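Visitor: Got a structure here, written out as structure tokens. Questions coming.
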Amino acid sequence: MTGTQHVSRRDVLRLGLAAAAAAAGVPLLGACGGGSGGSAAAPSAAGGASAAGGGKLVIGAFEDGALTPFKQTILPMFEQATGTQVEFLTEPYDSFFAKAFQDGQSKAGQYDIYIMDDPWIPQYAAAGILEDLGAHGITADADYAPAFAELGYWPPRQGPRVKGFENDQPALIALPTIGDLQTLTYRNDVFPAAPATWDDLVSTGKAGVAAGTVKYGFVFRGVKGNPIVTSFYPVFLSFGGQMFDDKWNPTFNSAEGKAAADFFVGTLKSIAPPGVAEFDSDQEGAAILGGDAAAIIQYSGNAIKSDDPSASKEVGKLDFGVVPKQVSALAQIGIFIHGVSTSAPNKDNAIAFMKWYGSTDTQVALARAGDLPVKIPAFSDPEAVKAHRLLPTALAQLQSGAQARPRTPDWSKVESLLGTELNNALVAGSGGGAAMDSAAGQVQDYLTAQGYYA
């Protein structure tokens, strides 16, 4: 779009949805808004679901390297199986966010299927531009990773709901496209096995520093806003913290939340690199891939760089594990997700694709091609696991627990307020609990002004 700044999916994970929307020139909605399974056999061109034959299908998506296997392997399989010609249109993240949303609102019918980032769902679904998949006989069957599948329902089946949707029946309006979640990456010459608890990580990480094997026991992102909140999230969840109650009252400043914050800005900072309060993805990645840090929690796209000689100096020394436990071992998820436009010009073919893509055969093919699948059986396919050793750990993390960010268009503002206070405490090296109290008050005031409690 003319006069706008291009923003990537990584930027949204760093800046938050509201900042990306502003850069794209698209206002976020306010808070007040009115697959079939298959066998685990080797993938066939037809997959495990029937599909309509012939015609055309237009899929729109934002530019991202994770979609390369989808484009190069999966779409040709669908064309071969059905005779349907697929047009795959991509644009920079911000441009597609705006263009697809405008297409849905204006009912222009440029796309049949939108591939979205999961934080877009509250805005897209609330605007009514995504087809009710249940009306077409599509279900999120039990083979889907539950944490991924839940993101396709609007309003959410669990947790608080934004104004105007409190009493609505949840409908399935999207299905997971490509999985992604946080896991632990650790040095196997420091840790004999993945540290099971935070105490294990800290003590063994310190021992690795004392032995001269590494410079730092742990590394994370400390920049205020989204980066620090993303790094803090698995610590917070593992201590038993919850962001909100069912009425959107902040609860992240509970005793559990305060304990997590104190541990994060104090203990974890003490074993992290100097200046960690200014670290973002590039700096934390350099620390683990360059051999300085003993451990990190990161998303899949960064974790798989561990085995890439062009990116990592420590190939063979980095292994994967479930995030450490305090009272539980929970990670954050953030996935690609796709839905059918209500104004899709080739709706029958779009529905056929949704069913076909959700087959286990297709998901196994996706895993073998190098992406994280969204259905459980595909995580254990021997050929996929042999080529992509993160898969068993990702499955173990899903089974241990993984949660998405709260389902509201205002999450990025909440994240900004919380992340600023956490960063201040991290700089000081203390006061995590007080930071949570301060942020909770600011979040309550902001959500009050947005009409959450009216």
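Visitor: Scan the stretch 406-442 residue by residue and report those that are in contact with an Asp or Glu (Cβ under 6 Å, 6 or more places away or on another chain) and buried (at least 24 other Cβ atoms within 10 Å of the Cβ). Quick ask: steps written out before the conclusion?
Guide: Residues of the stretch 406-442 that are in contact with an Asp or Glu (Cβ under 6 Å, 6 or more places away or on another chain), as a first pass: 432-433, 435, 438-439.
Scanning the stretch 406-442 gives Gly432, Ala435, Ala439.
Visitor: Taking the condition under 17 Å from Trp356 (Cβ atoms) and modelled with pLDDT of 95 or more, does Lys56 pass? Break it down into steps so the answer makes sense when it comes.
Guide: Numbers: under 17 Å from Trp356 (Cβ atoms): yes; modelled with pLDDT of 95 or more: yes.
Spelling it out, Lys56 is indeed under 17 Å from Trp356 (Cβ atoms) and modelled with pLDDT of 95 or more.
Visitor: Give me the residue from the stretch 322-334 that is in contact with a strand residue (DSSP E or B) (Cβ under 6 Å, 6 or more places away or on another chain) and either surrounded by fewer than 22 Cβ atoms within 10 Å (Cβ to Cβ) or among the polar types (S, T, N, Q) (or both) and, out of that set, nearest to Thr197 (Cα to Cα).
Guide: Step by step, filter the stretch 322-334, then rank; the result is Lys325.
Visitor: Here is a further query. Select from the stretch 384-409 the residues that are part of a loop (DSSP other than H, G, I, E, B) and more than 17 Å from the chain's Cα centre (by Cα) and list them in ascending order.
Guide: Of all residues in the stretch 384-409, those part of a loop (DSSP other than H, G, I, E, B) come to 388-389, 401, 404-409.
Listed by number, the residues that qualify are His388, Arg389.
Visitor: Take the residues of the stretch 63-122 that are among the aromatic types (Phe, Trp, Tyr) and in a helix (DSSP H, G or I): which is surrounded by the fewest Cβ atoms within 10 Å (Cβ to Cβ)? Show your work before the answer.
Guide: From the stretch 63-122, those among the aromatic types (Phe, Trp, Tyr) are 70, 78, 88, 93, 96-97, 101, 111, 114, 120; that's our starting set.
Cutting the leftovers down to in a helix (DSSP H, G or I) gives us 70, 78, 93, 96-97, 101, 120.
Working: Phe70: 23, Phe78: 23, Tyr93: 23, Phe96: 24, Phe97: 29, Phe101: 21, Trp120: 24.
Only one residue fits best here, namely Phe101.
Visitor: Continuing with this model, one more query. Out of (1) touching an Asp or Glu at 6+ places or on another chain (Cβ under 8 Å); (2) assigned to a loop (DSSP other than H, G, I, E, B), the odd one out for Leu57 is which?
Guide: Of everything listed in (1) touching an Asp or Glu at 6+ places or on another chain (Cβ under 8 Å); (2) assigned to a loop (DSSP other than H, G, I, E, B), Leu57 misses just condition (2).
Visitor: Just give me the residues in the stretch 369-383 being in contact with a Pro (Cβ under 8 Å, 6 or more places away or on another chain), surrounded by 22 or more Cβ atoms within 10 Å (Cβ to Cβ) and part of a helix (DSSP H, G or I), in sequence order.
Guide: Residues of the stretch 369-383 in contact with a Pro (Cβ under 8 Å, 6 or more places away or on another chain): 369-371, 374, 379-380.
From what is left, the residues that are surrounded by 22 or more Cβ atoms within 10 Å (Cβ to Cβ) are 371, 374, 379.
Of everything in the stretch 369-383, just one residue is in contact with a Pro (Cβ under 8 Å, 6 or more places away or on another chain), surrounded by 22 or more Cβ atoms within 10 Å (Cβ to Cβ) and part of a helix (DSSP H, G or I), namely Phe379.
Visitor: Those residues that are out of contact with any Phe, Trp or Tyr (no Cβ under 6 Å at 6 or more places or on another chain), open to solvent by 10 Å² or more (accessible area, probe 1.4 Å) and not in a strand (DSSP E or B), I need them from the stretch 171-193; list them, please.
Guide: Selection gives Asn188, Asp189, Val190, Pro192, Ala193.
Visitor: What about Asp348, is it of a type in the set (Asp, Glu), within 20 Å of Ala66 (Cα to Cα) and open to solvent by 10 Å² or more (accessible area, probe 1.4 Å)? Working first, answer last.
Guide: On the way: of a type in the set (Asp, Glu): yes; within 20 Å of Ala66 (Cα to Cα): no; open to solvent by 10 Å² or more (accessible area, probe 1.4 Å): yes.
Answer is no for this residue.
Visitor: Could you run through the stretch 291-313 and say how many residues are open to solvent by less than 30 Å² (accessible area, probe 1.4 Å) and within 14 Å of Lys215 (Cα to Cα)? Break it down into steps so the answer makes sense when it comes.
Guide: Filtering the stretch 291-313 for residues open to solvent by less than 30 Å² (accessible area, probe 1.4 Å) gives 291, 293-300, 303, 306, 312.
Next, from what is left, pick out any that are within 14 Å of Lys215 (Cα to Cα): 291, 293-296.
Going through the stretch 291-313 one residue at a time, the tally reaches 5.
Visitor: Spot the failing condition for Val219; the list is (1) among the aliphatic types (A, V, I, L, M); (2) surrounded by fewer than 24 Cβ atoms within 10 Å (Cβ to Cβ); (3) part of a loop (DSSP other than H, G, I, E, B), and only one is missed.
Guide: If we test Val219 against (1) among the aliphatic types (A, V, I, L, M); (2) surrounded by fewer than 24 Cβ atoms within 10 Å (Cβ to Cβ); (3) part of a loop (DSSP other than H, G, I, E, B), just (2) comes out false.
Visitor: Moving on. Quick check, is Gly316 out of contact with any Leu (no Cβ under 6 Å at 6 or more places or on another chain) and modelled with pLDDT under 95? Reasoning before the result, please.
Guide: Working: out of contact with any Leu (no Cβ under 6 Å at 6 or more places or on another chain): yes; modelled with pLDDT under 95: no.
No, not satisfied.
The values are calculated or read from the model by the stated rules, or taken from the named source; none is laboratory data. A quick note: this is a predicted structure, and the numbers were derived from the prediction, not measured. Methodologically, a virtual Cβ is constructed for each residue, glycine included, from the backbone with ideal geometry; neighbour enumeration extends over all protein chains shown. The protein model used for the area step is the full one, side chains on, heavy atoms only, and it has no ligands, DNA or RNA in it. Shrake-Rupley method; radii C 1.70, N 1.55, O 1.52, S 1.80 Å.
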